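*Asks:* Dropping the structure in here first, questions after.
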Amino acid sequence: ELFCLEHGLNIEGNLAAGQTNSAPPPDSFFCEAVRGSSSKYFPRCVMVDTDPNQLEELQSGRFRGLYHPDQLWGGNKDAGQCYATGNYILGKEHANAIMDTIRVNAEKCDNLQGFIVYHSAGGGTGAGMTQVLLKQLIEQYGIHVPRVCFCAWPAGKMSTTINENYNAILTLDQTLQHADASVMLDNTKLYASCRSSALDIGRPTFPDINAVIAHYASGFTAPFRFDAKKMSGHVPATLA
């Protein structure tokens, strides 16, 4: 949502009302699909989850018009908060299908510069399956196409299962081997940021936490999306 706002798009992937062509071009993180005299932008991303309920919620929610069906891959069996299930069972079983989905979207890029992977370190899919996919990205695209991870780190006092800590340790070791860089997003610190005097959110919700993460990701990726000389007037103050 934040990337759409920064590039003058609404949540349907269309140019927002009153938006002019002088806005920062969205080509780097969005793919344009021309339909007759109109055009629509889709995010250059693939959403993956072994739990089908999460993607069904996305397809029926506010952003249902933003993503193309080819960008969504959902399984039919949850990893059950277990690294081993996500890595050794579901990861090996579905890796080829997921990589085919990634390949279709990567081929739409004129100059593929790398992959950004958003995942959780505490869940079975986010911890286990992510490592299978990182290995596949190296095998299929080589070590010279960088892989950067944004990793949500579990909070010990707020963990829903004891498995989260084990999952996090196991995926951390693999991330060191297969990612070129990893931005660790500690859930404890994220909640503290929401409760700080700057935001003053007494009872942070998941959308609040995700909004903070989105601003971190926005600042990190701004150099890839904005021309500092031509677009300095359009870069939001939150990125400064």
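*Asks:* For M47 and Y216 in one chain, what is 0.36 nm times their gap in residues minus the Cα-Cα distance, to one decimal in nm? Intermediate values should be presented prior to the final figure.
*Replies:* Numbers: separation 169, 0.36 × 169 = 60.84 nm, distance 1.94 nm.
That pair, M47 and Y216, stretches by 58.9 nm at full extension.
*Asks:* Can you tell me the convex hull volume per residue for the chain, based on C-alpha atoms, in Å³ to the nearest whole number? Don't jump to the answer; show the numbers that get you there.
*Replies:* Working: hull volume 34.8 nm³, N = 240.
Given the Cα convex hull of the chain, per-residue volume reads 145 Å³.
*Asks:* Right, next: Compute the distance in nm between two label points, each set 7 Å from the Cα along the Cα-to-Cβ direction, one at N10 and one at D110.
*Replies:* Using points 7 Å along Cα→Cβ, the separation is 2.8 nm.
*Asks:* Carbon and sulfur together cover what percent of the accessible area of the chain at a 1.4 Å probe radius?
*Replies:* Working: 7240 of 13490 Å².
Result for the chain: 54 percent of the exposed heavy-atom area is carbon or sulfur.
*Asks:* On to the next question. Under a GNM of the chain (C-alpha, springs under 10 Å), which listed residue has the highest mean-square fluctuation: M129, M158, M184?
*Replies:* M158
*Asks:* Shifting gears a bit: Excluding ligands, DNA and RNA, what is the solvent-accessible area per residue of the stretch 1-158 at a probe of 1.4 Å, expressed in Å²? All intermediate terms of the calculation are to be shown ahead of the outcome.
*Replies:* On the way: 8200 Å² over 158 residues.
Averaged over the residues of the stretch 1-158, the accessible area is 52 Å².
*Asks:* Further, regarding this structure: Which whole-number percent gives the relative contact order of the stretch 88-145, counting Cα pairs below 8 Å spaced six or more residues apart? Before the final figure, lay out the partial values.
*Replies:* On the way: 24 pairs, mean separation 27.0, N = 58.
Reported relative contact order: 47 percent.
*Asks:* Taking the chain as a Gaussian network, where each spring joins two C-alpha atoms under 10 Å apart, which residue of S38, S218, S60 fluctuates the most?
*Replies:* Largest GNM mean-square fluctuation: S38.
*Asks:* Using the beta-carbon distance between I201 and H144 and R0 = 41 Å, what value does 1/(1 + (r/R0)^6) give for FRET efficiency, to the nearest 0.05? Walk me through the numbers before you get to the answer.
*Replies:* Working: r = 42 Å, r/R0 = 1.01.
The calculated FRET efficiency here is 0.50.
*Asks:* Out of M158, T188, Y88, whose Cα points farthest toward the positive end of the dipole of the chain (charges: +1 Lys, Arg; -1 Asp, Glu; placed on Cβ)?
*Replies:* T188
*Asks:* For a quick check of your reading of the filter: which trypsin sites (Lys or Arg not before Pro) in the stretch 1-110 sit in a DSSP loop and have no more than 14 other Cβ atoms within 10 Å? Present the calculation step by step, with values, prior to reporting the outcome.
*Replies:* Working: sites: R35, K40, R44, R62, R64, K77, K92, R103, K108; in loops: R44, R62, R64, K77, K108.
Counting only loop positions with at most 14 other Cβ atoms within 10 Å, the trypsin sites (Lys or Arg not before Pro) in the stretch 1-110 are R62, R64, K77, K108.
*Asks:* Once both labels are modelled 7 Å past Cα along the beta-carbon direction, what's the S28-V183 spacing in nm?
*Replies:* Label-label distance for S28 and V183, simple model: 1.3 nm.
*Asks:* I'd like to compare 161-171, 206-216: which one has the highest average count of other Cβ atoms within 10 Å, and what's the full order after that?
*Replies:* 161-171, 206-216
*Asks:* Tell me the label-point distance for the pair S60, A155, using the 7 Å Cα-to-Cβ offset, in nm and rounded to one decimal.
*Replies:* In this crude label model, S60 to A155 measures out at 2.9 nm.
The values are calculated or read from the model by the stated rules, or taken from the named source; none is laboratory data. Note that this is a predicted model, so its numbers are computed, not measured. Positions of Cβ are backbone-derived with ideal geometry, glycine not excepted, and every protein chain shown enters the neighbour counts. Keep in mind that these areas ignore ligands, DNA and RNA; they rest on the heavy atoms of the full protein, side chains included. Shrake-Rupley method; radii C 1.70, N 1.55, O 1.52, S 1.80 Å.
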